[in-house]
Every structure is written in C-alpha cells, then in structure tokens.
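*Asks:* Below is a structure I'd like to ask you about.
The values are calculated or read from the model by the stated rules, or taken from the named source; none is laboratory data. No experiment lies behind these values; they were computed from the predicted model shown. Reconstructed Cβ throughout: ideal geometry from the backbone, glycine too, with neighbour counts over all protein chains shown.
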Amino acid sequence: MEFLDFFNYSFFNRALLMAIFGGISCGIAGVWILLLNISFIGVAMAHAALAGAVIGIFLGVNPIILSFIFCVLTAVLIEPLSKKAKLHGNVSINIMFSFMLAVALLFAGLMKNYQVEILGFLWGSILTVTNREIILNFIMIIVLLGFIKFFHKALTAVFFDREIANLLGVPEKLIIYIIMILISVTISFNLSSIGGLLIYSLIALPSAAAYQLTYKIKNMYIVSSVFAVTGSVLGLLISSFVELPVAATIIIVLCVIFCITTAFSIKK
C-alpha cells in the first residue's frame with residue numbers, strides 16, 4: 001500500500017482529526033498540570049479514568065461518563081485523604097494510584113467477553129474513533145480556550161502563587177477545581193484513542209518540552225499544543241506506514257521531541 005493511500009480511508013482521516021484535536025486539548029491540560037506542579041495527581045487521574053472505563057464496560061454503563069466521574073473523585077479525594085490519615089500528599093496520591101490501577105485490573109480480569117473493548121481502553125485505538133468522539137474533542141478545545149481567555153489573570157495568579165492569589169481575592173480553590181474538572185474531561189475524551197496506560201504521557205511530554213523553550217504562559221500553551229499535535233500526527237503516520245502500535249509510537253515521537261527541546265533548552 002502506498003503512503004498516500006491511507007488518506008483514502010475514512011477511518012484514517014477520523015484518526016488524523018482525533019490526533020489533531022486531542023493533541024491540542026492534551027497540550028493545554030499538560031501546561032496546567034506542569035505549572036501547578038501536580039504531575040503525580042495527573043498520573044492518578046489517568047489511571048482512575050481507566051478504572052472508571054473498565055467498570056463502565058462491566059456494568060454496561062457509558063465508560064466515558066464513569067471515567068470522568070472517577071477522574072474527578074480521585075482529584076477531589078486526595079487532599080482530604082492526606083489530612084485525615086496525616087500523610088504527605090504524594091503518599092495519598094500513590095495510594096489512589098495503586099487502588100485505581102488494581103480496580104481496573106480486577107474488573108478487567110472478571111470479564112472474558114469484552115477483552116477487545118478493554119484492551120482498547122488500556123492501549124488505545126485511535127483508528128476506531130467515531131465522529132462523536134471527534135466532535136466532543138473539538139467542543140472541548142473551545143471550552144478550554146474560553147476558560148483561558150476569560151480567566152487569564154486569575155490563572156496567572158494561581159500559577160504564580162496560590163496563597164498570594166487568595167490574598168488578592170482570586171477564588172483559587174474554585175479555579176483549581178475547575179481545572180481538575182477540565183483535565184478530567186480531557187483525559188476521558190482521549191482515553192479510548194491513546195489508552196489509559198499512555199494518556200498521561202500525551203499530556204505531560206508536550207508541556208514539558210514546551211517549558212524548555214519559553215517562559216511565557218501564553219507561548220507555552222501554543223508550543224505545547226503544537227508539540228502534542230506534531231507528535232500525535234507523526235506517530236499516527238509512522239505507525240500506519242511501518243505497522244507499529246499507534247499509541248506507543250506517538251509517545252516515542254513525543255519523547256524524541258522532548259529530548260531535542262531539552263538539548264536546546266533556554267533554561268540552563
């Protein structure tokens with residue numbers, strides 16, 4: 001099959017659109033996780049989404065809805081768990097991460113007739129995305145950009161220092177909760193395409209690479225999204241031509257991008 005022949009297939013064009021839209025939304029979400037220094041929470045949320053999706057399949061409920069609910073619950077419960085058990089935040093995150101991963105594997109082991117669908121959520125299946133998933137991701141981009149536009153000053157204050165932001169009258173807790181919800185939706189919408197085991201890498205790597213090249217938050221949004229889209233599209237094209245797993249190829253391409261940006265980092 002010639003390389004350009006792939007573009008004659010509707011499933012490939014849908015995958016290409018998903019790579020672009022998903023890349024933009026994950027690129028933006030990654031900047032928030034990076035600037036708030038909540039990378040461990042992001043990992044726990046990604047695995048919570050996976051657990052929710054698997055339980056959704058088990059119960060016959062929409063897996064995307066349950067993955068979102070599990071994401072939000074994980075983000076919300078970490079701080080109360082830390083205070084109640086008098087543990088460091090990272091310990092509570094590790095507990096939630098371990099629990100959610102165990103739940104996902106447990107319910108996956110209980111189901112014998114849905115292995116293909118479960119594997120899709122584990123490793124991702126961007127070539128089987130639907131028009132509905134593409135539309136949802138496009139809508140998500142609009143929501144994310146709208147939130148950034150209308151709350152730009154509040155977001156900048158929270159990223160700089162949450163305590164100072166609170167003293168200035170910025171509702172920092174509300175902003176943080178909204179960010180967590182938007183990250184949860186982003187993870188849930190991209191779970192089936194990139195997979196629960198790799199989705200966090202798609203969020204974290206582009207923002208980490210962008211952080212090497214700029215100090216400005218606005219530029220970081222743009223560069224992170226460009227890197228995420230570039231990695232997703234290149235990974236899709238390479239994997240399709242060489243017959244490699246798509247999600248894994250996307251992450252490897254993003255790792256290469258990160259290594260290149262680190263070599264030319266302005267933050268030395």
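*Asks:* Name the residues in the stretch 221-233 that are surrounded by fewer than 22 Cβ atoms within 10 Å (Cβ to Cβ) and modelled with pLDDT of 95 or more, would you?
*Replies:* Result: I222, V226, V229, T230.
*Asks:* I need the full set of residues from the stretch 238-268 which are free of Cβ contacts under 8 Å to residues at least 40 places away in the same chain, among the aliphatic types (A, V, I, L, M) and within 24 Å of F6 (Cβ to Cβ), in order please.
*Replies:* I238, V242, L244, I252, V253, V256, listed by residue number.
*Asks:* Which condition does S207 not pass, out of (1) within 19 Å of F264 (Cα to Cα); (2) more than 14 Å from the chain's Cα centre (by Cα), if it passes all the others?
*Replies:* Only one criterion is unmet by S207, namely (2).
*Asks:* Looking at K153 and the list (1) modelled with pLDDT under 85; (2) more than 21 Å from the chain's Cα centre (by Cα), which single condition is not satisfied?
*Replies:* Among (1) modelled with pLDDT under 85; (2) more than 21 Å from the chain's Cα centre (by Cα), the lone unmet condition for K153 is (1).
*Asks:* Please enumerate the residues belonging to the stretch 59-83 that are part of a helix (DSSP H, G or I), polar (S, T, N, Q) and either closer than 22 Å to R132 by Cα or at pLDDT 85 or above (or both).
*Replies:* Scanning the stretch 59-83 gives a single hit, S67.
*Asks:* While we're here: Taking the stated definitions as given, is V223 closer than 16 Å to L34 by Cα and touching a Pro at 6+ places or on another chain (Cβ under 9 Å)?
*Replies:* Answer is yes for this residue.
*Asks:* Still on this structure, please answer the following. Could you go through the stretch 159-180 and let me know if any residue there is within 24 Å of I251 (Cα to Cα), at pLDDT below 90 and small (G, A, S).
*Replies:* Within the stretch 159-180, none of the residues are within 24 Å of I251 (Cα to Cα), at pLDDT below 90 and small (G, A, S).
*Asks:* Mind checking whether some residue in the stretch 20-32 is at pLDDT 90 or above, among the aromatic types (F, W, Y) and surrounded by 19 or more Cβ atoms within 10 Å (Cβ to Cβ)?
*Replies:* yes
*Asks:* Tell me the residue from L182, L244, L197, L213 that is surrounded by fewer than 23 Cβ atoms within 10 Å (Cβ to Cβ), outside any helix (DSSP H, G or I) and within 15 Å of the chain's Cα centre (by Cα), please.
*Replies:* Of L182, L244, L197, L213, the one residue that is surrounded by fewer than 23 Cβ atoms within 10 Å (Cβ to Cβ), outside any helix (DSSP H, G or I) and within 15 Å of the chain's Cα centre (by Cα) is L197.
*Asks:* Could you list, in sequence order, all residues of the stretch 205-222 that are in contact with a Phe, Trp or Tyr (Cβ under 9 Å, 6 or more places away or on another chain) and closer than 12 Å to G27 by Cα?
*Replies:* Across the stretch 205-222, the qualifying residues are L205, P206, S207, A208, A209, A210, M220.
*Asks:* What about A44, is it crowded, with 24+ Cβ neighbours inside 10 Å and modelled with pLDDT of 85 or more?
*Replies:* So A44 fails the test.
*Asks:* Residues of the stretch 1-16 being farther than 20 Å from P63 by Cβ and either part of a helix (DSSP H, G or I) or in contact with a Cys (Cβ under 6 Å, 6 or more places away or on another chain) (or both), which ones?
*Replies:* F3, L4, D5, F6, F7, N8, S10, F11, F12, N13, L16
*Asks:* Name the pairs: first residue in the stretch 72-84 and on the phi < 0 side of the Ramachandran plot, second residue at pLDDT below 65 and surrounded by fewer than 16 Cβ atoms within 10 Å (Cβ to Cβ), Cβ to Cβ under 8 Å, at least 6 apart or on different chains?
*Replies:* What qualifies is I78/G89; E79/G89; L81/L87; S82/H88; S82/G89.
*Asks:* Among what's in the stretch 17-43 and is out of contact with any Ser or Thr (no Cβ under 9 Å at 6 or more places or on another chain) and in a helix (DSSP H, G or I), pick the residue that is farthest from I217 (Cα to Cα).
*Replies:* It comes out as L17.
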